[in-house]
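No value in this document is a laboratory result; all are computed from the given coordinates. Just so we're clear, the structure is a prediction, and the values are computed from it rather than from any experiment. Reconstructed Cβ throughout: ideal geometry from the backbone, glycine too, with neighbour counts over all protein chains shown.
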């Protein structure tokens with residue numbers, strides 16, 4: 001199949017569970033077609049999750065954690081550390097987006113990083129627009145801003161109808177972890 005010259009941009013947002021899981025399903029498809037994939041996770045920092053372990057075992061997939069965990073306040077030294085980590089992650093993501101070796105680049109939780117004020121939407125859009133032609137770009141996270149929605153070709157919103165954690169289920173391996 002001839003490679004398209006235009007980038008494909010898929011955005012997965014909403015309050016429901018499964019945004020990262022949907023993106024990782026796309027990673028599996030890309031790997032199945034022999035593509036190299038870079039997954040840059042914003043906000044997240046845990047290396048002991050099932051997704052991190054599984055991605056480490058997939059050929060041609062690179063995972064980079066570029067977060068400091070949950071953002072609790074929008075001011076102070078902790079927020080500054082979150083902001084610096086997100087900015088470093090965006091620089092890394094921009095580098096991967098410009099690298100023709102990658103057929104897909106996932107910016108996981110980037111929408112949340114913008115919504116929390118860790119990154120400027122304009123900077124994220126500029127990184128995306130600098131991508132090598134033909135790259136599939138996947139963006140995830142809650143509260144996607146209008147600029148990212150407008151830039152995307154495909155936007156899916158995941159709705160939370162009911163969540164086990166609301167009734168006392170702790171985060172569980174294979175489900176949340």
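Brief remarks follow.
- Here is the size of the chain from its Cα atoms: Rg then Dmax, 15.7, 51 Å.
- Full extension of the chain segment joining residue 98 with residue 142 gains 13.3 nm, where the gain is 0.36 nm per residue of separation less the Cα-Cα distance.
- Using C-alpha pairs under 8 Å with a sequence gap of at least 6, the mean separation divided by the residue count of segment 54-177 gives a relative contact order of 21 percent.
- Centre-to-centre, using Cα atoms only, segment 115-177 and segment 31-83 are separated by 13 Å.
- Extending 7 Å from the Cα toward the beta-carbon at both residue 153 and residue 75 defines two label points whose distance is 4.4 nm.
- Chain lengthening between residue 176 and residue 29 when straightened (0.36 nm per residue, less Cα-Cα): 50.8 nm
- Estimated 222 nm signal from helices in the chain, with DSSP H stretches of n ≥ 4 weighted -39500 (n - 2.57), rounded to 500: -11000 deg cm²/dmol
- Taking segment 1-109 and dividing mean pair separation by its residue count, relative contact order in percent (alpha carbons under 8 Å, at least six apart): 33 percent
- Listed peptides 155-161, 107-113 by packing density, highest first (mean Cβ within 10 Å): 107-113, 155-161
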